[in-house]
1. I'm checking my understanding of the structure. Among residues of the stretch 293-310 that are touching a helix residue (DSSP H, G or I) at 6+ places or on another chain (Cβ under 8 Å) and free of Cβ contacts under 8 Å to residues at least 60 places away in the same chain, which one is surrounded by the most Cβ atoms within 10 Å (Cβ to Cβ)?
2. For the stretch 314-357: of the residues being touching a strand residue (DSSP E or B) at 6+ places or on another chain (Cβ under 9 Å) and within 16 Å of residue 82 (Cβ to Cβ), which is surrounded by the fewest Cβ atoms within 10 Å (Cβ to Cβ)?
3. Regarding residue 238, is this residue within 24 Å of residue 125 (Cβ to Cβ), buried (at least 24 other Cβ atoms within 10 Å of the Cβ) and out of contact with any strand residue (DSSP E or B) (no Cβ under 8 Å at 6 or more places or on another chain)?
4. Pull up the stretch 183-223, narrow it to residues that are more than 13 Å from residue 144 (Cβ to Cβ) and part of a strand (DSSP E or B), then point me to the one that is farthest from the ligand (Cβ to nearest atom).
5. Please tell me if residue 226 is in a strand (DSSP E or B), more than 19 Å from residue 163 (Cα to Cα) and within 23 Å of the chain's Cα centre (by Cα).
6. Taking the stretch 8-57 on its own, how many of its residues are part of a helix (DSSP H, G or I) and within 30 Å of residue 157 (Cα to Cα)?
7. Identify the single condition in (1) modelled with pLDDT under 95; (2) over 30 Å from residue 303 (Cβ atoms) that residue 86 does not satisfy, given that it satisfies every other one.
8. Please find, among 63, 45, the residue that is touching a residue at least 40 places away in the same chain (Cβ under 8 Å), within 27 Å of residue 317 (Cα to Cα), out of contact with any helix residue (DSSP H, G or I) (no Cβ under 9 Å at 6 or more places or on another chain) and buried (at least 20 other Cβ atoms within 10 Å of the Cβ).
Ligand SMILES: Cc1cc2nc3c(=O)[nH]c(=O)nc-3n(C[C@H](O)[C@H](O)[C@H](O)COP(=O)(O)OP(=O)(O)OC[C@H]3O[C@@H](n4cnc5c(N)ncnc54)[C@H](O)[C@@H]3O)c2cc1C
């Protein structure tokens with residue numbers, strides 16, 4: 001049983017982990033570091049239902065999404081519905097993190113300062129790095145902007161995901177209570193706010209208001225291959241667990257932190273951690289690869305054609321966190337996209353993928 005644990009970062013992953021430890025009355029001295037008293041992070045606030053059983057508290061669901069539209073370069077490609085049990089939920093994420101903190105804050109110490117896990121590692125038996133995008137300097141990140149805007153007409157519980165194959169990015173329109181959560185981020189755009197404004201204005205769905213816009217970093221890369229370095233263990237986005245094409249990171253942060261909490265609570269060997277994360281790693285590696293491939297091809301039309309030829313079942317699975325590489329590969333072959341990737345990219349992908357099984 002560990003006696004002294006530090007958790008660096010109390011966002012979704014760090015707070016969920018501490019909350020599970022507290023729930024199981026884990027008796028160690030636990031110190032949670034985070035400079036932010038109130039968690040505030042720009043987010044689309046989407047959560048997949050799979051995450052619920054990994055969460056130490058229930059989130060407030062503000063909207064259930066049943067209707068979906070996928071667009072490519074502002075043109076609708078597919079639309080479909082999903083039944084309520086498997087569909088996306090919009091949550092109040094700030095409230096979720098506050099409730100998770102409530103679950104441990106009276107039991108463990110909260111220290112309001114930023115830390116570098118490697119600098120404090122000698123003071124603790126185990127240090128958990130859950131600093132989200134502020135960690136993992138080795139990984140590629142982009143700045144993403146999102147605003148909560150007044151709608152121009154009555155909102156429906158419907159989402160629009162609009163892929164931008166020119167700048168290799170994504171804009172979205174999600175409901176949030178009776179407002180709209182609209183965002184934009186792209187690999188080739190450093191300041192996404194202006195693009196967000198034009199997207200909001202071009203769709204005519206929301207009223208752009210600069211004061212309602214927040215930006216934040218998002219990791220879009222392969223995950224780090226080393227989840228454990230000595231007595232430092234990474235979880236959530238600090239490990240690179242974000243699906244690079246759609247930016248989904250909440251579920252992965254929740255699942256990875258619960259998996260790590262269970263290992264600690266049951267006093268298991270940390271070596272099993274990476275094995276239990278294999279499915280999440282696999283999806284992250286696939287999407288990281290496709291994003292790298294797309295960003296290496298300067299032919300937005302070919303990418304647009306490939307993405308537009310994919311069917312409803314592909315996009316349904318994609319939205320549920322499973323990327324069908326075979327279907328994407330066939331679409332890419334027809335339009336030449338997959339033939340233009342460099343051999344280095346393919347070899348890097350194969351090596352990454354195979355390393356998951358070692
Ligand atoms: C604009 C935007 C929209 C997104 N939309 C979605 C979405 O709709 N659905 C989805 O699933 N994912 C989405 N994501 C991704 C998702 O927000 C993250 O992947 C998720 O929050 C990761 O959780 P985490 O706990 O790993 O990190 P975070 O939630 O980022 O938490 C990190 C914590 O670490 C703290 N911290 C930072 N530095 C230090 C330090 N030095 N010492 C101590 N603490 C520190 C921070 O204050 C923060 O509290 C979006 C991301 C962005 C940027």
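1. Here the answer is 306.
2. The selected residue is 316.
3. Against the criterion (within 24 Å of residue 125 (Cβ to Cβ), buried (at least 24 other Cβ atoms within 10 Å of the Cβ) and out of contact with any strand residue (DSSP E or B) (no Cβ under 8 Å at 6 or more places or on another chain)), residue 238 does not qualify.
4. 207
5. No, not satisfied.
6. Qualifying residue count, the stretch 8-57: 10.
7. Residue 86 satisfies all of (1) modelled with pLDDT under 95; (2) over 30 Å from residue 303 (Cβ atoms) except (2).
8. Unique residue meeting the criteria: 63.
The values are calculated or read from the model by the stated rules, or taken from the named source; none is laboratory data. Values in this document were obtained by computation on a predicted structure and should not be read as measured data. Cβ sites come from the backbone with ideal geometry, for glycine too, and all protein chains shown count toward neighbours.
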